[in-house]
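Written below as structure tokens is the structure these notes are about.
The values are calculated or read from the model by the stated rules, or taken from the named source; none is laboratory data. Being a predicted model, the structure only gives us computed values, none of them experimental. Virtual Cβ from ideal backbone geometry, glycine too; neighbours counted across all protein chains shown. For accessibility, only protein heavy atoms count, side chains too; no ligands or nucleic acids. Shrake-Rupley method; radii C 1.70, N 1.55, O 1.52, S 1.80 Å.
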Amino acid sequence: MSSSAWPPELKAWVQQCLSKATASNKDAVNSELKQMLFRAHADGTINTTDWSKVELSSLKAQAQRTTHVPIPPRINITTTSFGNPVPPHTPIPVIPPAQASTSFNPSTYLSSPAAGGPSVQPTPSTSEKKKKKKKNDGSAKSAFPTPYHFTSSAEEQEALARRAARFQKPAASSSSSSAMGGGVDRWFVDEEGSVNGLGMVPGQVGKRKMRGKGGLGYSGDEVMEVDPNVIDWDKHTIRGTSTKLEKSYLRLTSEPNPADVRPLHILQQTLQLLKRKWKDNHNYAYALDQFKSMRQDLTVQRIKNDFTVEVYEIHARIALEAKDLGEYNQCQTMLRQLYELGIKGHPQEFLSYRIMYLLHTRNRSDMATLLAQLTSTEKSDPGVKHALDVHAALATSNYVRFFRLFTTAPNMSGYIMDHFVERERIAALAIMSKGFMTLTLTYITTTLAFDSEEESDAFLQDHNAAVYVPSQSTNQSNNHWKPIKPPPLHERVWDCKKAHAACAAGISKYRVVDLKGQVD
């Protein structure tokens, strides 16, 4: 659907909303506009809606506030800036509209050839006369603009002409700035240019902008360069005709064949089949291959609806269960884009997963941005609240609270915490070895949420920190030739002082986080 098909009232309304947006609510206005236009496009009410009566909730709060605009100081036109009085009959020079729109020439006010009146000529001082007597090209005019004299060399005239030409082409500059900063052209563009239909699907696939001469960063016009190695799928949107429920995933290297692509109703049947097979045998290699094939068919046909969200959510949960964080992160990234379009799903659940994922990757910058954008409704969700409590426990090194939250993780948050719980256990052991002399192995098992003493002892063995205090029965044994039998695990006492060095060295093992499949 080209930009000419949109009603003029809709374009004017979007332009009005964008003009009212400020730096503080620009993101909220763009998000609300995108969702509202997406719903109108899906319902077919774009041409029947009275857009002049539609109001954005993100602009209502701004309309209730008032802004104080300071009154500019009045200019006394009876005297010049040099203190010389203007003759009473001297007409005030008026700048024509053509001149005012291109550039401002201060010499118009200093030296005006107004008919019937003398011009105001400032008298140069003695020191300035001495400066003019220095080396020059023989002319009486100075090549440097002073407060009393403005030159009009050929270079300056050429620069003013270029500046005037830029102001005479506002449409070109406004279109480029709006496309970059969120103007009205972001919502209505040609099919050959950018977004095709409400900005839901990127239309610049395989294209990159080059600015100026050869794309080397010089100022100039933007040129679209097509990358021959990337296929522009927006020009080849198809509808599949295949009736096969199962299909292996193959990376596309050419235009997709509709005979090999499954339509929406076939994909819905395929999803039910995959759900049954996953419950029966839990074959992740098979499930991964089939789900990636389904996602490819949805992408090729540009299908973005509730079913698309369901496919990505189920695939993300299966990837978490199989401990495949790379594939989960790809699904999570796509789900964020679908939720921003207003498509229904489980955004609160995956928001809590995203917080856990950022804690695992130690991405502090994205975590700070995410926390600043959370609303009170999102913070009140049980899953999100649990994730925020985990974040607070890690930020304060409260390992007791962290492992309590680990044992009570809702939904599938525990699957993500499994990836960094060992890192937090060795960090907790390093703290405990500093604050205590000895600790029983049973206490360590309970505090660090181990399943048994055998598991906690194996963890200490892996980090060379299984140092225990000798038992009294071992010290009282007189037969040195008899093999010493170690005490049972529930009676062992951990020597914190001797094990501290091994715990501190074990922290370096987890400094680097493996980010396989990171696309966020």
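Among the residues making up the stretch 426-462, those that are of a type outside the set (A, V, I, L, M, F, W, C), within 17 Å of Leu489 (Cβ to Cβ) and open to solvent by less than 30 Å² (accessible area, probe 1.4 Å) are Thr445, Thr447, Ser456, Asp457. For the stretch 31-54, a residue qualifies if it is more than 25 Å from the chain's Cα centre (by Cα), surrounded by 11 or more Cβ atoms within 10 Å (Cβ to Cβ) and under 24 Å from Gln337 (Cα atoms), and the qualifying residues are Ala40, His41, Ala42, Ile46.
A quick yes/no check of all residues on (1) of a type outside the set (A, V, I, L, M, F, W, C); (2) touching a helix residue (DSSP H, G or I) at 6+ places or on another chain (Cβ under 7 Å):
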residue: Arg336; (1), (2): yes, no
residue: Tyr339; (1), (2): yes, yes
residue: Arg354; (1), (2): yes, yes
residue: Arg362; (1), (2): yes, no
residue: Leu374; (1), (2): no, no
residue: Met417; (1), (2): no, yes
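Only one of (1) crowded, with 20+ Cβ neighbours inside 10 Å; (2) hydrophobic (A, V, I, L, M, F, W, C); (3) under 30 Å from Ser456 (Cα atoms) is not met by Val421, so which one is it? If we test Val421 against (1) crowded, with 20+ Cβ neighbours inside 10 Å; (2) hydrophobic (A, V, I, L, M, F, W, C); (3) under 30 Å from Ser456 (Cα atoms), just (1) comes out false. The condition (being among the polar types (S, T, N, Q), open to solvent by less than 30 Å² (accessible area, probe 1.4 Å), closer than 21 Å to Ala42 by Cα and part of a helix (DSSP H, G or I)) is satisfied by just one residue among Thr308, Thr270: Thr308.
If you go through the stretch 463-488 and keep only what is outside any loop (DSSP other than H, G, I, E, B) and either at pLDDT below 55 or open to solvent by less than 80 Å² (accessible area, probe 1.4 Å) (or both), you end up with Tyr468, Thr474, Asn475. Within the stretch 286-301, can one find any residue that is closer than 21 Å to Asp514 by Cα and of a type in the set (A, V, I, L, M)? The answer is yes, given that some residue of the stretch 286-301 is closer than 21 Å to Asp514 by Cα and of a type in the set (A, V, I, L, M).
Of all residues in the stretch 350-365, those that are in contact (Cβ under 8 Å) with a residue 40 or more places away in the chain and either on the phi > 0 side of the Ramachandran plot or surrounded by fewer than 20 Cβ atoms within 10 Å (Cβ to Cβ) (or both) total 3.
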